[in-house]
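The values are calculated or read from the model by the stated rules, or taken from the named source; none is laboratory data. What you see is a predicted model; the values in this text were computed from it and never measured. Here the Cβ positions follow ideal geometry from the backbone for every residue, glycine too, while neighbour counts run over all protein chains shown. Ligands, DNA and RNA are excluded from the accessible area calculation, which covers all protein heavy atoms including side chains. Shrake-Rupley method; radii C 1.70, N 1.55, O 1.52, S 1.80 Å.
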Amino acid sequence: MVVEHFFSDMDSTLLGSDNGIPQHNIDIIKNIDIPFTLVSARAPVEMDFAIDILDLKGPQIGFNGGIIYEGTGNNRKVIQKKPIGFQVAKSLVESVCKEFPDVSLSFYDENHWYAERIDNGIKLESAITGQTPTIVNFNNLLQGTLDVYKIMMVIFDEETMQRLIQYLNNKAEDTVVIQRSGKNHLEITNSQAIKANGIKYVLNTEHIDEESTYAFGDGHNDIPMFELVGHPVAMDNAVADLKSHAEFITGSNDDGGVGEFIRGLI
């Protein structure tokens with residue numbers, strides 16, 4: 001069987017519950033000759049450690065497809081970017097802060113994570129990514145212009161989550177997409193910033209047949225990716241909706257299920 005490219009989500013997929021990469025995954029991925037691309041909702045700075053540990057070359061996909069780039073840190077080269085329109089981002093941030101003042105809201109440009117306060121949602125995200133936000137006054141920051149790639153809300157109450165989703169859907173901003181990423185995270189990106197579009201770019205530029213590609217994932221925002229690649233592989237810990245779109249089920253993220261599947265395949 002020809003395998004031309006692997007694509008993988010990070011959190012709860014490639015990464016274990018401790019937010020590190022299981023050694024099993026490292027040992028196998030570093031020793032294959034098949035290209036391996038991260039496809040994550042994370043910002044590039046939050047992906048750098050994995051790219052360096054795995055010695056990944058070629059394009060990587062961040063912000064759910066909002067940015068495609070190569071390299072890490074000061075050597076990062078942006079290939080394609082799809083930020084949220086500034087006025088739309090400004091309006092969304094201001095309206096959510098007004099209507100849902102207790103919801104943890106933050107947002108990202110290419111190199112910075114911005115928040116107004118350190119709350120439980122920010123603490124959770126910091127624990128996951130190892131990053132610390134830049135504390136700012138949103139009103140002041142949004143007086144200028146900047147490329148906003150992702151607006152993130154962390155909600156611990158399911159009723160509030162559903163009310164916020166309904167509120168945002170009713171605003172009917174057709175230039176953005178609202179995606180749930182895990183149990184507590186709700187994220188807004190450019191409507192073209194979906195994982196499948198990032199993968200399409202790689203397939204087209206590398207002249208790869210999608211039937212020879214595999215993708216690993218665990219959450220709702222991986223569904224578009226699963227519908228595109230030839231062989232979607234869900235983690236054992238994946239949500240039920242995603243498993244229904246999978247061709248294969250592999251071990252859990254803590255058991256190094258990505259590496260386990262690759263070893264069995266090749």
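Quick notes on this structure:
- Using only the C-alpha atoms, the convex hull of segment 92-202 corresponds to 120 Å³ per residue.
- Heavy-atom accessible surface of the chain: percent carbon and sulfur, 1.4 Å: 44
- Accessible surface, segment 2-49, averaged per residue in Å² (probe 1.4 Å): 34
- Taking a quarter of the surface of the Cα convex hull of segment 118-266 gives a mean projected area of 11.3 nm².
- Probe 1.4 Å, protein heavy atoms only - accessible area per residue of segment 90-139 in square angstrom: 48
- Think of a 1.4 Å ball rolled over the protein heavy atoms: segment 186-226 then has 33 Å² of accessible area per residue.
- Sum of -39500 (n - 2.57) over DSSP H runs of 4+, divided by residues of the chain (222 nm, nearest 500): -9500 deg cm²/dmol
- Taking trypsin sites (Lys or Arg not before Pro) across segment 125-202, the ones in a DSSP loop with at most 14 further Cβ atoms lying within 10 angstrom of their Cβ are K183.
- Two-site label geometry, N74 and D55: point separation in nm, points 7 Å out along Cα→Cβ: 2.3
- In the assembled protein chains, R117 presents an accessible area of approximately 100 Å² (probe radius 1.4 Å).
- On Cα atoms only, tilt of 44-54 relative to the major axis of the chain in degrees: 20
- Cα-based Kirkwood hydrodynamic radius, segment 141-189, one decimal, Å: 11.8
- Value of Rg to Rh for the chain (Rh from inverse mean 1/r over Cα pairs, i.e. Kirkwood): 0.95
- Relative to the dominant Cα principal axis of the chain, helix 158-171 is inclined by about 80°.
- Selected from T175, T250, T205 as most flexible by GNM, with the chain as the system and alpha-carbon contacts under 10 Å: T205
- Virtual paramagnetic centre 7 Å along Cα→Cβ of T132, amide N under 20 Å, in segment 18-52: 43-49
- Projected onto their three principal axes, the Cα atoms of segment 1-152 cover extents of 53, 31, 29 Å, largest first.
- Accessible-area value, L141, 1.4 Å probe, nucleic acids and ligands omitted, Å²: 50
- Helix 86-99 and the longest principal axis of the Cα set of the chain meet at an angle near 70°.
- D11 accessible area, 1.4 Å probe, all protein chains in place, Å² to nearest 10: 50
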